[in-house]
Amino acid sequence: MRISQISKTKQFSIAVPSMISILRSRAHQHGDRTAFTMLAQPGDEGQSITYAELDFAARRIGGYLSKVVDPGEPVLLFIPPSLEYIAAFLGCLYARVVAVPLYPPRINEKPARIINVIRDCGAKHALGLVANAEKIRKDLTQFSDQSIDTEFIIHRIETIDDVHVEDWSEPEINADTLAFLQYTSGSTGTPKGVMISHGNLIANQEAIAAATLTCETDLAVSWLPPYHDMGLIGTILHPLYRGFPAVLMPPMSFIQDPLSWLETMSRFRATLSGGPNFAYALCGQKATDDRLSKLNLSSWRVAFNGAEPIRPDTLTAFAERFAPCGFDPGAFFPCYGLAEATLFVSGAFLNKDAQIQYISKKRLEQGQVVQEALGNTSQALVSCGQIAATHSVRIVSPEGIAVAANQVGEIWIAGPSV
């Protein structure tokens, strides 16, 4: 079923928190505070945007979209990591259209994934930049069928005039109103869209805040792609929700030089940052004594680690290598999440070393969890802590029947984020 068909039902305006009301409030109360700083490359001054400027940009884009796109219709985002990307995403929320974050196609890459997403959600509109819109249009013309070519429109956000701010009015939404679509990677098949409502988003932000105790004195640094749920929800929308600034790096900066992430952390005295397990492993492998001597990681209080299996040896090696830089192992925050639950499902306890259990490999293969002493026949597992507040998890058999304690099964999640 296409999203446009799902979201045509009438929405009743009620007083519910949303990212729209959050940003509007911050722009009114603390408009001159910096919301985000985007670094073109590590070490530069970067480009910053205040809450008031971000609200203005979102109203400009939202006002324009409200004139050309029906409420509830999907709008794809073809914008690389940038302040423009954040404004475009929020502009979609402001217009009550459904944002669809996507990886822009790489050079010489066929746009098969984009075409599959267009067909799946029925999108007829996208937001792009002058620099990439024409190339995407040509690719779609070359590789798609005629219907996509003739009906699909890419709106260039740089050309949207400021006068469209006057076209904006606050949309009528409720907790069930669809906010955006999170598409899975499609690495094992056709990408699948997960529908995230405004209520889901706010509930997950509350869960993250309760687990990490974030506040206005925090500062985030992130190199994570904004098209991925950890990057978008965890390091862009969460700082906005909690009212603390975030410094963003191009993802490619980290890939080219992993230590640039930690150097940016040190430079801005960041308190919150993280990534998948491989990011910590790469930093440990690439670190040199000379570069370590210039790092100060003592302000880092939440070092989240998720999105892939967490290796105990990675945590140990990172903690030992960066101990001279002031890194506290108690900052490690192993966590578990998935797009279907918006993002966050569970996380470790703050200010405590990661909890590691050694499990019998043989019994694990048989679907049983039996502790065993460290050795060649055991496997180390890192705990991802406790379930998010107001959520619940059940471990069940493939038939949906709850399994006994210490048995392997499928993870079923329930709660306001789902």
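General remarks:
- Flag if Leu232 is assigned by TED's automatic domain parsing to the domain that holds Leu381, in contact with a helix residue (DSSP H, G or I) (Cβ under 9 Å, 6 or more places away or on another chain), more than 22 Å from Ala354 (Cα to Cα) and buried (at least 17 other Cβ atoms within 10 Å of the Cβ): no
- Contact map, the stretch 90-114: first residue at pLDDT below 95, second residue in a helix (DSSP H, G or I) and among the polar types (S, T, N, Q), Cβ cut-off under 8 Å, separation 6 or more or different chains; pairs are Pro104/Asn132.
- Qualifying helices (runs of 4 or more DSSP H) (wholly inside the stretch 47-162; at least 2 residues being among the basic types (Lys, Arg) and within 30 Å of His30 (Cα to Cα)): 51-68
- Here the strands (runs of 3 or more DSSP E) wholly within the stretch 313-381 that include at least 2 residues being closer than 25 Å to Asp218 by Cα, within 23 Å of the chain's Cα centre (by Cα) and modelled with pLDDT of 90 or more are 332-337, 344-347.
- Evaluation of Phe318 against (1) surrounded by 16 or more Cβ atoms within 10 Å (Cβ to Cβ); (2) among the hydrophobic types (A, V, I, L, M, F, W, C); (3) touching a residue at least 60 places away in the same chain (Cβ under 8 Å); (4) in contact with a helix residue (DSSP H, G or I) (Cβ under 6 Å, 6 or more places away or on another chain) (one fails), failing number: (3)
- Output for the stretch 89-109, where each listed residue is farther than 22 Å from Asp139 by Cα and of a type outside the set (D, E, K, R): Phe89, Leu90, Gly91, Cys92, Leu93, Tyr94, Ala95, Val97, Val98
- Whenever a residue of the stretch 156-180 is in the same structural domain as Ala58 (by TED's automatic domain parsing), its partners that are assigned to a loop (DSSP other than H, G, I, E, B) and among the polar types (S, T, N, Q), lying with C-beta atoms within less than 7 angstrom and at least six residues away or across chains, give the pairs Glu172/Gln11; Glu172/Ser13; Ile173/Gln11; Ile173/Ser18; Asn174/Gln11; Thr177/Gln11; Leu178/Ser7.
- Identity of the residue in the stretch 382-418, free of Cβ contacts under 8 Å to residues at least 60 places away in the same chain, among the β-branched types (Val, Ile, Thr) and not in a strand (DSSP E or B), that ends up surrounded by the fewest Cβ atoms within 10 Å (Cβ to Cβ): Ile401
- Filter result (without any contact (Cβ under 8 Å) to a residue 40 or more places away in the chain and either surrounded by fewer than 21 Cβ atoms within 10 Å (Cβ to Cβ) or farther than 17 Å from Gly284 by Cα (or both)) within the stretch 241-258: Arg242, Phe244, Met252, Ile255, Gln256
- Exclusive hit being closer than 29 Å to Phe254 by Cα, surrounded by fewer than 24 Cβ atoms within 10 Å (Cβ to Cβ) and among the hydrophobic types (A, V, I, L, M, F, W, C), set Ala112, Ala88: Ala112
- Restricting the stretch 338-381 to residues that are of a type in the set (Asp, Glu) and free of Cβ contacts under 8 Å to residues at least 60 places away in the same chain leaves a set whose member that is surrounded by the fewest Cβ atoms within 10 Å (Cβ to Cβ) is Glu365.
- Residues within the stretch 7-45 that are under 23 Å from the mean Cα position of the chain (by Cα) and either among the polar types (S, T, N, Q) or modelled with pLDDT of 95 or more (or both), tallied: 18
The values are calculated or read from the model by the stated rules, or taken from the named source; none is laboratory data. All of these numbers come straight from a predicted model, not from anything done at the bench. Counting neighbours? That spans all protein chains shown, and the Cβs are built from the backbone with ideal geometry, glycine included.
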